[in-house]
Amino acid sequence: MDENAAPHGVGALYQEYYPLLAKIALGRFSLPREEVENAIHDVFVSFLRTSGSVDNPRAWLVGGICNACRDYWRAIGNRRLETLPVAEATSAAFDRNILCDQVLARLPESSRAILALHYVQGLTAGEIAQELNTSLAYAEQLIHRSLKRARLLARRRA
Amino acid sequence: MRETDEGRKHFPEEVLLLFAVDPGSSEDPIEVESHLRECPECRSIVGTISAVRSSPPLPRMETTSLEDLELRLSDQTVEAGPAIEQLLQRPPEHWPEIARSDSRLCTVGGLRAVLQVIPDLRRSEPERALELSRLVSSLCESLIAENPSFVAHAHASAWKERAITLRILGRFEESISALNGAENRFVKLPVAEFDLAGVWYQRAMVLRELDQLDEALRWIDRAEVVFERFGQTRMTNRARYVRGAILFRRGEIDRAEEIFRDLLPRLERSDDEQTVALLYNSLGQCAVERHPLEAELFLVRAVRAFEALGYELDLLRARWGLARVFLATGRNPQAITTLEGLEHAFARRGAEDDAGLVALDRAEGLLALDRAAEATAVCRAALERLRGSSPRNVIHAVEFLRDAAAQGTATPALVRHVRRFMEKAPKQPALIFAPPA
């Protein structure tokens, strides 16, 4: 069959390429097994949206699954940075430890210190407020701003 | 192939993955294979996918919902056809009211059908094409659909179509804003990289028109990488062509020509007639002064291709290139006749700048034949055409030429000197014209 020739129905494409896309998601991108189906579904829905401008469906689908997997890990990375202690975040897949180190190294000293107090030493916003001799609201604001900066840097690095 | 920071070249991961699964399906398996022999980095990517090739596949979901969706979209697109025909027969100010009351247009498939009409309409009636893209945007804002991501995609696509039409109309700043609108919408959708690359490709073309050439190169490189990753040969080749065109505009003729020559066999094998025609024209323009006979061969092919496609403005430009070949090879009477027709044709389309430049080329031919009085009149006419939109330094240069022609001291070499100055002057407003030594 010539993949570059006539367009297929999406059902037939799905049947044909599901195994290939699943293998790429699992084998190359270590996507959790429970996420693979969602990712592939997203790829096929996107394919339906753009299929008018596609001249090689198979290659497009491979590009799509790589895009979906990278998006998944990017989102996980951002969520982790937001919610998890630094030590745990740094142990995540895809060399996120290197990414976190790079991000932390590029943060201003004040932001790095706030994140360390909150995520490494485990201090609450109230405890940080006491430590810095400031209000709770301002401490929360500092944590929020520092995280925002870190997320921005992480996105750029990723 | 992409280049890393260390200057090494690698295939995109997606190309390697395709190769790992089925080497025969790669665009150029021999090239991939020989690269893999030398590159451990790429070999390890192929290895990871090869290792799981034999693992049992996951259970897959039912495809019924996707098939239903595809069928529904296709039905809606077909149903919208007659409604669009009726719509286009009415003046644009009535379109929003008609569209909102016609259920065939207020569906995702209907929006897609309207979007599909825009590229053709743009060629003949760009203002109406612009209105049509606005209509899609406004319908998207009011449409409550069962598939919001499809409406969001149609909305983003409408912004992109608007941007392309604005570029065709020469409204470049507005085109950039519209592209930003498209990008902001596409980026929110899952698996959006391919659509985003389409926006970057268009942005590069607008920036080229605005002479922001470094920026244009940055965006076209980004787009090309994504097109290649998604295995879309047609768009990859088009992006390469645009990169060559940007380099040509930057005056890097050798680098541009290298890209065009590399693309030629690939494009001639493809069915992308539009880009092939543009490529012939560009190869011809690269060679006009250095290899005029070769330029003539390419430009004749470009003329034929543009005639077949019905691209009038491109056809005029290819003919202009041919006329310059006639000048370069001493066929002045032939050049003068061709240029006279072109000057009027550009003026009829409101392209006064081009008409003015064509007139200067005609003056060169007339001076070569010692027809100084006619050359003086042509220089005067050129000056009038250019006065409206050209910067002061350009006007000064053409005034100098006109006076020289009137005094009988103008030569073909002086015309070429003025033309070369005119290529640089708009980008350097402080540049002052100096006569040749």
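What follows draws every value from the coordinates through simple rules; no lab data is involved. Everything numeric here is computed off the predicted structure, so don't read it as measured data. Glycine gets a Cβ as well: all are built from the backbone with ideal geometry, and neighbour counts include every protein chain shown.
Compute the distance in nm between two label points, each set 7 Å from the Cα along the Cα-to-Cβ direction, one at residue B:75 and one at residue B:127.
So the label points at residue B:75 and residue B:127 sit 4.0 nm apart.
Helix-derived [θ] at 222 nm for chain B: sum -39500 (n - 2.57) over DSSP H runs of at least 4, divide by residue count, nearest 500?
On the way: 21 runs with 329 residues, N = 437.
When only DSSP H runs of four or more count, the value is -25000 deg cm²/dmol.
Explain nothing, just the number: dipole magnitude of the protein assembly as shown about its Cα centre with +1 on each Lys and Arg Cβ and -1 on each Asp and Glu Cβ, in debye rounded to the nearest 20.
Working: 77 positive and 86 negative charges, 277 e Å.
My answer is approximately 1340 debye.
Using 20 Å bins from zero, what percent of all Cα-Cα pairs in the protein assembly as shown falls into each bin?
Pairs per bin, as whole percents: 16, 42, 31, 10, 1.
Please give, to one decimal in nm, the separation of the simple spin-label points placed at residue B:423 and residue B:370, each 7 Å out from Cα toward the Cβ.
Between residue B:423 and residue B:370, the simple spin-label model gives 3.1 nm.
Once Rh for segment B:236-317 is found with the Kirkwood sum over Cα pairs, what is the Stokes-Einstein diffusion coefficient at 4 °C and 1.567 mPa s, in µm²/s? Walk me through the numbers before you get to the answer.
Details: Rh = 12.5 Å.
Answer from the Stokes-Einstein relation: 104 µm²/s.
Compute the relative contact order of chain B as a whole-number percentage, counting only Cα pairs closer than 8 Å that sit 6 or more residues apart in sequence. Working shown, then result.
Working: 547 pairs, mean separation 27.6, N = 437.
Computed over chain B, the figure is 6 percent.
Scale the Cα Rg of segment B:324-368 by the rule-of-thumb value 2.2 N^0.38 Å and send over the ratio, two decimals. Don't skip to the answer; put the middle values down first.
Details: Rg = 10.1 Å, N = 45, 2.2 N^0.38 = 9.3 Å.
That ratio works out to 1.08.
Step through the residues of segment B:385-401 one at a time and calculate ³J(HN,Hα) from phi using the Karplus curve (6.51 cos²θ - 1.76 cosθ + 1.60, θ = phi - 60°), rounding each to whole Hz and writing x for Gly and Pro.
Result, rounded to whole Hz: 5, 7, 4, x, 10, 8, x, 4, 5, 5, 4, 4, 4, 5, 4, 4, 5.
Once the principal axes of the Cα atoms of segment B:286-366 are found, what is the range along each, listed largest first in whole angstroms?
Computed over segment B:286-366, the largest-to-smallest principal extents equal 31, 31, 19 Å.
Find which of B:225, B:210, B:157 sits farthest along the positive direction of the dipole of the protein assembly as shown, computed with +1 on the beta-carbon of Lys and Arg, -1 on that of Asp and Glu, about the Cα centre.
With unit charges placed on the Cβ atoms, the residue in question is B:210.
Explain nothing, just compute: Karplus ³J(HN,Hα) = 6.51 cos²θ - 1.76 cosθ + 1.60, θ = phi - 60°, for every residue of segment B:266-272 in order, whole Hz, x for Gly and Pro.
Working through the residues one at a time gives 5, 6, 5, 7, 8, 9, 8 Hz.
Students often forget the sequence filter, so: which lysines lie under 29 Å Cα-Cα from residue B:9 once same-chain residues fewer than 8 apart are removed?
A:23
Across segment B:320-437, what fraction of all alpha-carbon pairs, as a whole percent, falls in each successive 5 Å bin from zero upward?
2, 13, 24, 25, 21, 11, 3, 0
Mind checking the full-extension length gain between residue B:221 and residue B:188? Use 0.36 nm per residue of separation minus the Cα-Cα distance, one decimal, nm. Don't skip to the answer; put the middle values down first.
Values: separation 33, 0.36 × 33 = 11.88 nm, distance 2.24 nm.
Once the chain is fully extended between residue B:221 and residue B:188, it gains 9.6 nm.
Which whole-percent values make up P(r) of chain B when all C-alpha to C-alpha distances are grouped in 20 Å steps starting at zero?
20, 47, 28, 5, 0
Dipole size in debye (nearest 20) for segment B:270-365 around its Cα centre, Lys and Arg Cβ +1, Asp and Glu Cβ -1?
On the way: 10 positive and 16 negative charges, 53 e Å.
That gives a dipole near 260 debye.
Between exposed GluC sites (Glu not before Pro) in chain B, where DSSP calls loop and at most 11 other Cβ atoms lie within 10 Å, what's the longest gap?
Numbers: sites that count: B:6, B:62, B:146.
Excluding the exposed sites themselves, the longest stretch runs over B:147-437.
Given 0.36 nm per residue, what is the gain on full extension from residue B:41 to residue B:253 after removing their alpha carbon distance, in nm?
72.9 nm
Pulled fully out, how much extra length does the chain show between residue B:138 and residue B:93, if you take 0.36 nm times their separation in residues and subtract their Cα-Cα distance? Write down the numbers at each step before the final one.
Details: separation 45, 0.36 × 45 = 16.20 nm, distance 1.32 nm.
Using 0.36 nm per residue and subtracting the Cα-Cα distance, I get 14.9 nm.
Which of A:72, A:138 comes first, and how do the rest follow, when ranked by fewest Cβ neighbours within 10 Å? Walk me through the numbers before you get to the answer.
Values: A:72 20, A:138 13.
Ordered from fewest to most neighbouring Cβ atoms within 10 Å, A:72, A:138 come out as A:138, A:72.
Report, as an integer, the average count of C-beta atoms from other chains found within 10 Å of each Cβ along B:229-238.
5
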